[in-house]
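The values are calculated or read from the model by the stated rules, or taken from the named source; none is laboratory data. Treat the numbers as computed from the prediction; the structure is a model and nothing was measured. All Cβ positions, even for glycine, are placed from backbone atoms using ideal geometry, and neighbour counts span all protein chains on display. Please note that ligands, DNA and RNA were not included when accessible areas were found on the heavy atoms of the full protein model with its side chains. Shrake-Rupley method; radii C 1.70, N 1.55, O 1.52, S 1.80 Å.
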Amino acid sequence: MSTATWRLITDDDVTASFGLAADELITRWVGAGQSVPTLRLYTYAPHCALVGRFQRLESELRVDYCRANGIPMNRRPTGGGAILMGAGPLGVALMLPGAEGNVYRRARDQMAQVSEGILAGLRSLGIEAEFRRKNDIEVNGRKIAGVGIYRAPSDGVLFHASVLVDLDVALMLQTLNIPVEKISDKEIAAMSARTSTVRRELGRDISVEEVRQAIATGYAQVFDAELSPGDFTPEERDAIAALEREKYLTDEWIFQATAVPDSAAAARLKTPGGLLDIRVALSGRIIKSIFVGGDFFAADNAIADVEARLRWHPAEPEAVAATLRATYERWPIELESIPLDGLIEAVQTAVERAAAAQVAAL
Amino acid sequence: MTADTTYALPADRAYDAAQHTWALYDPAAATALIGIDALGQASMGDLAFLVLPAVGDTIRRNVGAGSLEAAKMTGDVLSPLSGKVLAVNAAALRDPSLVNRDPYGDGWLLKIRPADWAGESAELIAGEAVSDWAEAEITRYRTEGWI
């Protein structure tokens, strides 16, 4: 890759509508040659809850809680699941001109590439993270960053990531409709154990600014890019404001829905290793999220990997079983107290019930 | 040589070589079905969401005719042909995995009345050219690690 010059924009405390409109607008303009390639590293304030491009917002967020607590809700142009943004998660938006050819093949190629900048930044801080094609960026099985891609009609490509410098897990459970039975200290502890943050990995209260600098340097090194600090131009700001008004501040965008049905269900199974309590949320025939609970003893990072591997995974029984077998091969000791066959059965039962709920709703 | 049918690109239809979409023309009715071919859907990954234009909309070749999400990537479906939308596959809208499971059958996307079949089909791979192109594309996708 040849040396490139990218504009570096760092901004904090942006609103949900501005943050997203800016990313989409600059991506469009970069694709059309009207804006320069841009790396934006930013944070949101106040907290906001963002769903993926096609998700049904009412299914993904606790809408009443968000409204009652002044947490804006919005819809990203990129795919993936719902996330809670704020001062702790660092937003990464890399906006580049796209390549010609099969757009999705190219995008997938670049999904791994874009993650390399984040990996290099984390590595410079002493964190060995890795990119997992479906599971985002993780540290020893625990998610520390999520990645998504949007290809604009103008041929610009937006790589979106949220790097968890810090995460308010209790607020996340209040805000996102994660399939747990209830929000208790136990659920908060379980969820905390299955995600990680930069601060937890380093064991110190590192500032967002220090992480931002590390990731900026990581991108510059990996992409052999020269970063030129800058800001949005007046013309860009005008167009961003217009896109906010016309799209990101409208209910038509925020609450839009596709024809793909959502559903959720649970299954419990007693096994020699303990009780399994499986909660599954489906989007059509895709498992969009899964929570593995119960009273068994297993390593949290291995359970986190089970959940991550089945997230955005086909719900077909054979595919689920194959993925669980592969997960057990990675974590044979950590998962040995949970019978593989029992876990497969419990997950498939929950999936079948969720699928039946979709049929019943027709 | 044994034919590889895993990523079949049947010769009964025409393909956009860049986007890996297909068009199946019915000369008697002057209509065409449009879909994503086996290499296109396999390299994208599992489709989670699909949005298509409405019946009566006009679409243009190489311009967005809907959008989709596969493996956390979102973007447009670029049509291989221009024309007017006559029908939309409602089953695929509800269950986008149909496109992965049956890209040439139940996983079709749109039925259109082409605006310029004679002119635009000349830009597609069709007929006897499909076999050699398909073999080369499957080899290329394998070599590059996409399938």
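Computed values, structure above
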| read-out | value |
| --- | --- |
| Members of region B:73-101 that are at the interface with chain A (Cβ under 7 Å from one of its Cβ atoms), touching a helix residue (DSSP H, G or I) at 6+ places or on another chain (Cβ under 8 Å) and in contact (Cβ under 8 Å) with a residue 24 or more places away in the chain | B:MET73 |
| Check on B:GLU135, in a loop (DSSP other than H, G, I, E, B) and either open to solvent by 20 Å² or more (accessible area, probe 1.4 Å) or not acidic (Asp, Glu) (or both) | no |
| Residue check for A:ALA193: under 21 Å from the mean Cα position of the chain (by Cα), assigned to a helix (DSSP H, G or I), within 24 Å of A:GLU334 (Cα to Cα) and among the aliphatic types (A, V, I, L, M) | yes |
| Residue identified as assigned to a loop (DSSP other than H, G, I, E, B), facing chain A (nearest Cβ under 8 Å) and open to solvent by 10 Å² or more (accessible area, probe 1.4 Å) among B:ALA28, B:ALA18, B:ALA8 | B:ALA18 |
| Single residue of A:ARG40, A:ARG53, A:ARG67 found to be in a strand (DSSP E or B), among the charged types (D, E, K, R) and either at pLDDT 95 or above or buried (at least 24 other Cβ atoms within 10 Å of the Cβ) (or both) | A:ARG40 |
| Selection within region A:216-275 - open to solvent by less than 50 Å² (accessible area, probe 1.4 Å), in contact with a Pro (Cβ under 8 Å, 6 or more places away or on another chain) and assigned to a loop (DSSP other than H, G, I, E, B) | A:VAL260, A:GLY273 |
| Cβ pairs under 8 Å, 6+ apart, first in region B:28-43 and over 12 Å from B:LEU109 (Cβ atoms), second part of a strand (DSSP E or B) | B:ALA30/B:ARG113; B:ALA30/B:PRO114; B:THR31/B:TYR25; B:THR31/B:LEU86; B:THR31/B:LYS111; B:THR31/B:ILE112; B:THR31/B:ARG113; B:THR31/B:PRO114 |
| Unmet criterion (only one of (1) open to solvent by less than 30 Å² (accessible area, probe 1.4 Å); (2) within 19 Å of B:THR74 (Cα to Cα); (3) within 14 Å of chain B (Cβ to nearest Cβ)) for A:ALA308 | (2) |
| Condition met for B:ALA23 (under 17 Å from A:THR258 (Cβ atoms) and aliphatic (A, V, I, L, M)) | no |
